[in-house]
Amino acid sequence: MNKTEAQSVIKFLHLKSNNTHQIHNEMKAVYGDESPSYDMVVRWKRNFQSGHISLTDEPRAGRPSIKDDLAV
């Protein structure tokens, strides 16, 4: 299960008014060992509760993590 898929499921279950334990238990029942940890469910649910509903990462300040091969 990739990050975006897990976030989508958590967002859907959050919008259905499921609490954190319900979300985690349902994901464990469906995805088994591939489901995110309880702590990760808590973090993403808090983000959705605070209004951050986007599933994409927000841009960050600073240098990119990949070095430009042309700048030698």
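The values are calculated or read from the model by the stated rules, or taken from the named source; none is laboratory data. These numbers were taken from a predicted model, which means no experiment stands behind them. Cβ atoms come from the backbone with ideal geometry, glycine included; neighbour counts cover every protein chain shown. Ligands, DNA and RNA are excluded from the accessible area calculation, which covers all protein heavy atoms including side chains. Shrake-Rupley method; radii C 1.70, N 1.55, O 1.52, S 1.80 Å.
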Using a 1.4 Å probe and ignoring any ligands, DNA or RNA, find the accessible area of T4 and quote it in Å² to the nearest 10. 70 Å²
Can you tell me the alpha carbon radius of gyration of the stretch 1-56 divided by the globular rule-of-thumb value 2.2 N^0.38 Å? 0.99
Would you tell me the accessible area of M1, worked out with a 1.4 angstrom probe on the heavy atoms of the protein chains, in Å² to the nearest 10? 60 Å²
List the trypsin sites (Lys or Arg not before Pro) within the stretch 1-43 that fall in a DSSP loop (any state other than H, G, I, E or B) and whose Cβ has at most 13 other Cβ atoms within 10 Å. K16
Can you pull the one-decimal nm distance between simple spin-label points at N19 and Q49, each 7 Å off the Cα toward Cβ? 1.1 nm
Could you give the length gained on full extension between S8 and A61, defined as 0.36 nm per residue of separation minus the Cα-Cα distance, in nm? 16.5 nm
